[in-house]
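Take a look at the structure below.
The values are calculated or read from the model by the stated rules, or taken from the named source; none is laboratory data. Being a predicted model, the structure only gives us computed values, none of them experimental. We place every Cβ from the backbone using ideal geometry, glycine too, and count neighbours over all the protein chains shown.
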Amino acid sequence: MKVLNLPSCVLSPLHGFEANNVADSLIQDSCKKISIYEEEPYYYKLCITSLKENPESQKVRNIDDLTMVGWKNAMTNMTNVKGIVEKILKERKNKSRLSEKLLRECVKLYSKGNDSLTKAFKYIKLRDYKIAHRNFSDARYVSRTCEMQFNGDNNQTSPVTKENDLLFEMVDIPESLNFLHIRPPDV
C-alpha cells in the first residue's frame with residue numbers, strides 16, 4: 001500500500017477551507033440560537049452578516065471567540081456613532097440649543113457605553129458571564145436613552161435615530177452570544 005505524502009502547501013488550503021466551514025457553521029448556529037429571543041425578522045440575517053463581515057470571524061472556534069468578534073463590532077459601532085454626533089456638534093448642524101444640549105448628553109452616554117463594553121470584555125476574559133452580561137446590557141441601552149431624550153414634549157428630532165437603532169442591535173448580538181453561557185436556549 002502506497003501512502004500519499006502531499007506537501008503542506010497542498011494541505012494548507014484545505015485546512016483553511018475546513019476552518020471557514022467551522023466558523024461559518026458556528027456563526028449560523030449561534031445566530032439561530034440567539035434569534036429566538038428577538039421579535040425582529042431581520043435579526044438573524046443582521047447577526048450573520050455583521051459577524052461574517054469582520055475578517056476575524058473566520059478564525060473563531062467557540063462561542064467566546066464569536067462573542068469577542070461581536071464585541072469588537074459593537075465597540076467600533078459605538079465609537080463611530082459617538083464620532084458622528086461629535087461632528088454634528090462641531091459643525092453646528094443642530095437646530096437648537098436644546099438639541100445641542102441633548103446631543104452633548106448623548107456623547108457622554110456613548111463614552112459610558114464604551115466603558116461598559118470595555119468592562120464586558122474584561123469579564124468575558126475572566127469567564128464571569130453574568131457580570132459581562134450586565135455590562136453589555138448597560139451599553140446596549142445607551143442608544144435608547146439617547147433617543148428617548150429627543151422624544152416627548154420637547155419637539156426635538158434626533159439626527160442619529162438610524163445609527164442608534166443599529167447600535168442597539170450591534171451591542172445586542174455579543175450580549176446575546178454571551179447570554180448563551182448563562183441560559184442556553186432549548187433549541
*asked:* Any residue that is outside any loop (DSSP other than H, G, I, E, B), under 14 Å from the mean Cα position of the chain (by Cα) and not polar (S, T, N, Q) - is there at least one of those in the range 79-90?
replied: yes
*asked:* Looking only at the range 3-50, how many residues end up being at pLDDT 50 or above and in a helix (DSSP H, G or I)?
replied: 24
*Could you tell me whether THR67 is within 28 Å of LEU180 (Cβ to Cβ), surrounded by fewer than 20 Cβ atoms within 10 Å (Cβ to Cβ) and among the β-branched types (Val, Ile, Thr)?*
no
_Could you check the range 51-62 and list, in sequence order, the residues that are under 17 Å from ASN21 (Cβ atoms) and either part of a helix (DSSP H, G or I) or hydrophobic (A, V, I, L, M, F, W, C) (or both)?_
LEU51, LYS52, PRO55, GLU56, SER57, GLN58, LYS59, VAL60
_Residues to consider are THR118, THR145; find the one that is surrounded by fewer than 17 Cβ atoms within 10 Å (Cβ to Cβ), in a helix (DSSP H, G or I) and more than 17 Å from the chain's Cα centre (by Cα)._
THR145
*asked:* Quick check on LYS108: is it surrounded by fewer than 19 Cβ atoms within 10 Å (Cβ to Cβ) and either within 29 Å of HIS181 (Cα to Cα) or in contact with an Asp or Glu (Cβ under 8 Å, 6 or more places away or on another chain) (or both)?
replied: no
